[in-house]
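Presented below is the structure to which this report refers.
The values are calculated or read from the model by the stated rules, or taken from the named source; none is laboratory data. Not measured: the values here are computed from a predicted model. Ideal geometry is used to build each Cβ from the backbone, glycine not excepted, and the neighbour counts take in all protein chains shown. The accessibility values were calculated without ligands, DNA or RNA, using every heavy atom of the protein model including side chains. Shrake-Rupley method; radii C 1.70, N 1.55, O 1.52, S 1.80 Å.
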Amino acid sequence: MTNQLVQISPGQAYVILFLFGLGMLVVTYLFARWNKASSKVENFLIGERKVNWILGGTGIAASWIWAPAVFVSTLFAYESGLAGLFWFTAPNILALAIFAVLAPTIRRKMPFGYTLPQWIKYRLESERLHKIYLIPFLFYQLMSVTVQLFAGGTLLGVLLGIPVYQATTIITIVILGAIPLIYTLVSGFESSLITDFFQLLLIIVAILIIVPWLISAAGGPHVLLNGLAGTKGSANIFNPGIAFSLGIVTSIGLLAGAVSDQQYWQRGFAVREGHLRKAFIFGALAFGIVPILLGLIGFIGADPSLGIALPQGTDPSMIGVAAVTTLLPTWTVFLFVIMLLCALSSTLDSGMNAAATLYATDIMKYTDYERKLLRKHDEGNPMTDREQLDKHLLDARRLGGGRTSMVVITILGFLVALAVIFTPKFGLQQLWWVFNAVASTVAVPTILSLYWSRLDARGVMWGIITATFVGLPLFVYSNVVNKPVWIVGSAVLIVAITAFFCLAFRRKTPWQPAVS
């Protein structure tokens, strides 16, 4: 049986994009405090540290559901069965849940913080290391924006039935980036929280409509058992081959990626202190619902008796769309587009806000007087009229810089995505290699900085440099030649190198926080 994926017209795509963008603007207008958000930098960057666990948790979950996650969970279940779905879902949940421990810790140690690199500068007392740390953290946000635009453009190109490099698809990529940029520029982090709540709700509602209907149309729950092993995988979640080749690399990449992502440290500083653990646990569990339910579609696609097949040359991640359009009415493809837009926008706006916080905190230059002003405000100490005026002017400069950084990272992300589109044999998988491997170079020292008082800047610096110039090239090469043992070995090597240097160069005396 040969299937042809149901396609949408460019006109339909533009209408959906327009209505989605308008809807997010309306939601932001109705629920965000625009006047306050547009004039107070603490609200724009971290929600004044007053975000409750429900909004915080939904924002955490939604920002972790990027576009490929909507399709890769289905793909892993389709190809590798229950084992593949387990090794995709479990590390993803753990990557968020670990912040239930990390976030309260950093909040206690630096209660008025904004970013993880800011903590590294404070903890290790090194301007040079602070600059080195900024590179992977800024790069991660750039890749976050790039991947969303590239993946969204690619998938919409498939649904439009045209090559991704054609003008029509490129225009949709521009619109995809412009939608979250517009509402994020208005009220910053608060708009991200509000829209993330509704985007996660739309994703879950769409899945709850599609998956039960699809199971019924396929013949009942027994079809899930028929495809439980996937096309070339296993129903045993502890299958050693899949655990080694897929589980180790995926776990390292996801855990390192979350720890090296400013989006989650930003939320760690934004959520109320007493709500932090609840927010991250709730976010991890809410996220888990999505890949688990979408994985069921992969099992249905793997059932040979249903004859679900992809057209020649179609990316296998589209198996979910093929299953839906084979067994359900053709209009259901629009639900996939809605899920895609929600997944894209939730991560895009989070990346933009994270970039703004990094710029306003770690890149902008401040005088000693301005730093004292910020400290005085953070601690709630009374300020003179002159100090209040100076603080207002400083806030305006920080807001302007933050907004400018949002525009810059969106443009750069679009240009990089465009370069990838026109680069043969380089795609989503290669992007995944790059930014998760880069994240692995700072994951170990980040965690040690919170819990080990003898961590020294020298060990961190040499560990990052050595892992970057030795471990990263080996990891990329291993993926190019596609040797699983090399891939796993090089992924572990990056982490091992940074751990070795951190332990080898240790402080002679335990670190103590500076006395105010």
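For the reader, a short list of remarks on this structure follows.
- Helix runs (DSSP H) in the chain reaching 24 Å along axis by Cα, Kyte-Doolittle at least -0.5: 10-31, 67-97, 127-160, 167-218, 276-302, 333-358, 385-421, 428-451, 484-504
- Annotation: amide H-H contacts under 5 Å for THR231 (H modelled 1.01 Å from N, sequence separation of 5 or more, or interchain): GLU79, SER80, GLY81.
- The stretch 382-516 shape via C-alpha gyration tensor axes, a/c threshold 1.5: oblate
- FRET efficiency for LYS508 and ILE182, using Cβ-Cβ distance with R0 set to 41 Å, rounded to 0.05: 0.20
- Label-to-label distance, nm, for residues given as ARG397 and PHE422 (7 Å Cα→Cβ offset): 3.9
- Cα-Cα P(r), the stretch 139-268, percent of pairs per 10 Å interval: 9, 21, 33, 30, 7
- Farthest toward the positive end of the dipole of the chain, out of ILE215, VAL488, VAL27, is the Cα of VAL488, where the dipole comes from beta carbon charges about the Cα centre.
- Each eigenvalue of the Cα gyration tensor of the stretch 466-514, multiplied by 5 and square-rooted, gives one semi-axis; in descending order these are 32, 9, 8 Å.
- Per-residue extension of 0.36 nm, minus the Cα-Cα distance of THR404 and LYS376, leaves a gain of 7.5 nm for this segment.
- Distance violations [Cα-Cα > 21 Å] among LYS121/LYS391; LYS121/LYS508; LYS121/LYS372; LYS232/LYS483; LYS50/LYS109: LYS121/LYS391
- Stokes-Einstein diffusion for the stretch 91-165 at 20 °C, viscosity 1.002 mPa s, with a Kirkwood radius from C-alpha pairs, works out to 139 µm²/s.
- Extended-chain gain in nm, criterion 0.36 nm per residue less alpha-carbon gap, TYR369 and ILE209: 51.9 nm
- Along principal axes, Cα extents of the stretch 196-244, largest first, whole Å: 39, 31, 13
- Ordering TRP213, TRP64, TRP87 by accessible surface, largest first, gives TRP213, TRP87, TRP64; the 1.4 Å probe counts only protein heavy atoms, with every chain in place.
- Only helical runs count toward this figure. For the chain, summing -39,500 (n - 2.57) over DSSP H runs of n ≥ 4 and dividing by all residues gives -25500 deg cm²/dmol at 222 nm.
- Volume per residue that the Cα convex hull of the chain spans, once the total is divided by residue count, Å³: 138
- Net charge in the neighbourhood of ALA62 (other residues with Cβ under 10 Å of its Cβ; Lys, Arg +1, Asp, Glu -1) is -2.
- The orientation-averaged shadow of the Cα convex hull for the stretch 21-132, equal to a quarter of the hull surface, comes to 10.5 nm².
- Where N is the number of residues in the stretch 256-403, Cα Rg divided by 2.2 N^0.38 Å: 1.61
- Overall, the chain carries a charge dipole of about 1420 debye about its Cα centre when +1 sits on the Cβ of Lys and Arg and -1 on the Cβ of Asp and Glu, all other atoms neutral.
- Alpha-carbon spread of the stretch 278-329, three principal axes, descending order, Å: 45, 22, 21
- Taking the three principal axes of the alpha carbon atoms in the stretch 61-198, the coordinate ranges are 54, 40, 32 Å, sorted in descending order.
- Cα pair distances of the stretch 195-283 binned at 10 Å [whole percent]: 13, 23, 31, 27, 6
- Extension gain (nm, one decimal) between VAL15 and HIS222, 0.36 nm per residue minus Cα-Cα: 70.7 nm
- Probe 1.4 Å, all protein chains present, accessible-area order of ILE135, ILE179, ILE363, largest first: ILE135, ILE363, ILE179
- Taking the empirical scaling 2.2 N^0.38 Å for compact globular proteins as reference, the stretch 233-342 has a Cα radius of gyration ratio of 1.39.
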